[in-house]
Amino acid sequence: MSKLLKVGIIGCGGIANGKHLPALSKNKNVEIVAFCDVVVERAEEASQKYGAEGSKVYADYRELIADPTIDVVHVLTPNDSHSFITIDSLEAGKHVMCEKPMAKTAAEARAMLDAAKRTGKKLTIGYNNRFRPDSQVLKKVCEQGELGEIYYARAHAIRRRAVPTWGVFLDEEKQGGGPLIDIGTHALDLTLWMMDNYKPVSVTGSVFHKLGSKENAANAWGPWDPAKFTVEDSAVGFIKMENGATITLEASWALNTLDIDEAKCTLCGTEGGADMKNGLRINGEENSRLFVKEIDLSAGGVAFYDGASERDIDVECAAWINAILNDTDLVVKAEQALVVTEILEAIYESARTGETVYLNREKVAK
């Protein structure tokens, strides 16, 4: 644990400044030594605020990963560049934290996983909602069998009017989609992780472009430009797993609903159920009576990782650095993130073709 890991940041925009840099700067086991962005001024600002003494600034990520002293790279760029930057970084001998989603396409995500296996370097994806206190408690409930076999689940990523109007969020070419790939990915990851089920066999999806064309629309971050709104405003997926379990996934940036939930899940099992809609609630049956148990998450948390606070982004960062320093298993495995991307891609394909998309047929046949 005495080694101080040297970290390079590729992409110095909103997710870097809002999540990764604040968390890394608190971690006593790292120093941030390099910053890269196509807008060099952003990299310079990040370097001045978070960089170690003598930290370097680059406009080309290939120059950053050519530095042999850098141990870890965080890839925080638009979705369409996740794959090739991650692969190049792994092949340059770096461990990689890539922001969610893993990639724009499943083929790109598979190439990333192959590169990690080939190089022996660690690759994780930024699904920080696993590290929230409610998520950690619910995961333990699931692992202990309190819910029994979880055979139905709902993954929630619903905003009423919260369309991100900055960066490239509305650009389908750069991002691969809208709320489904942006926030739906968090809800789906959380749900699959709780169920410990990564074997989808069929996916049916609907994608809607209904509200994005509205002028001067009410929105948390001000009206969007309809001409730039090239992604969906909402989407729904129906996913069947190899063991018969079923998941519904709902995602929206703009939807006429008051039922608002983001990065949450509802689980239904043979012994009980759970949801994250009003805090964390466990429901079940005891002595021929139904019960609901509300978990008090304010009563002090568990120190899941030494030195980490209860903020999910800090715990995520500590877990990631801990896995590198001690060569332990990752909490968010690339194999799991690949399945998330495969399902999201299948929802988009199903919506486009009007047909159900079948996955892993060969595995099922065996």
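Remark: Lys174 falls outside the filter, which requires a residue to be within 25 Å of Trp320 (Cβ to Cβ) and touching a residue at least 12 places away in the same chain (Cβ under 8 Å). Condition first: closer than 16 Å to Gly13 by Cβ, open to solvent by 20 Å² or more (accessible area, probe 1.4 Å) and touching a residue at least 24 places away in the same chain (Cβ under 8 Å). Now tell me which residues in region 40-67 satisfy that. Once the filter is applied, which keeps residues that are closer than 16 Å to Gly13 by Cβ, open to solvent by 20 Å² or more (accessible area, probe 1.4 Å) and touching a residue at least 24 places away in the same chain (Cβ under 8 Å), region 40-67 yields Arg42, Glu45, Lys49, Tyr50, Tyr58, Tyr61.
Do any residues in region 274-299 that are among the polar types (S, T, N, Q) have Cβ atoms under 6 Å from those of residues that are open to solvent by 80 Å² or more (accessible area, probe 1.4 Å), where the two are at least six apart or on different chains, and which pairs are they? Final answer for the pair search is Asn283/Val292. Of all residues in region 222-236, one or more are in a strand (DSSP E or B), touching a Pro at 6+ places or on another chain (Cβ under 7 Å), on the phi < 0 side of the Ramachandran plot and touching a residue at least 40 places away in the same chain (Cβ under 8 Å). Selection of region 168-195 for residues being farther than 17 Å from Ile125 by Cα, part of a helix (DSSP H, G or I) and open to solvent by 10 Å² or more (accessible area, probe 1.4 Å) yields Glu172, Glu173, Lys174, Met195. In region 1-24, the residues that are under 19 Å from Lys94 (Cα atoms) reach residues that are open to solvent by 60 Å² or more (accessible area, probe 1.4 Å) and not charged (D, E, K, R) with C-beta atoms within less than 7 angstrom, at least six apart or across chains, in these pairs: Lys6/Thr69.
Kindly check whether there is at least one residue in region 272-284 that is modelled with pLDDT under 95 and exposed (fewer than 13 other Cβ atoms within 10 Å of the Cβ). Yes: region 272-284 contains one or more residues that are modelled with pLDDT under 95 and exposed (fewer than 13 other Cβ atoms within 10 Å of the Cβ). Restricted to region 55-126, the set of helices (runs of 4 or more DSSP H) holding at least 3 residues that are among the basic types (Lys, Arg) comprises 106-119. Applying a threshold of 7 Å to beta carbon distances and a minimum spacing of six or more residues, or different chains, the list of pairs starting in region 107-134 at a residue that is free of Cβ contacts under 8 Å to residues at least 40 places away in the same chain and ending at one that is crowded, with 21+ Cβ neighbours inside 10 Å and among the basic types (Lys, Arg) reads Lys121/Lys94.
For region 139-160, name all the residues that are of a type in the set (Gly, Ala, Ser) and either at pLDDT below 95 or assigned to a loop (DSSP other than H, G, I, E, B) (or both).
Applying the first criterion (of a type in the set (Gly, Ala, Ser)) to region 139-160 yields 145, 148, 153, 155, 157.
Result: Gly145, Gly148.
Residue check: Ile260 meets all listed conditions (1) more than 23 Å from the chain's Cα centre (by Cα); (2) open to solvent by 30 Å² or more (accessible area, probe 1.4 Å) but one, namely (1).
The values are calculated or read from the model by the stated rules, or taken from the named source; none is laboratory data. Fair warning: this is a prediction, and the values are worked out from it, not measured in the lab. A quick note on method: Cβ atoms are made from the backbone with ideal geometry, for glycine too, and the neighbour counts reach across all protein chains shown. Heads up: the accessible areas ignore ligands, DNA and RNA and are worked out on the full protein's heavy atoms, side chains in. Shrake-Rupley method; radii C 1.70, N 1.55, O 1.52, S 1.80 Å.
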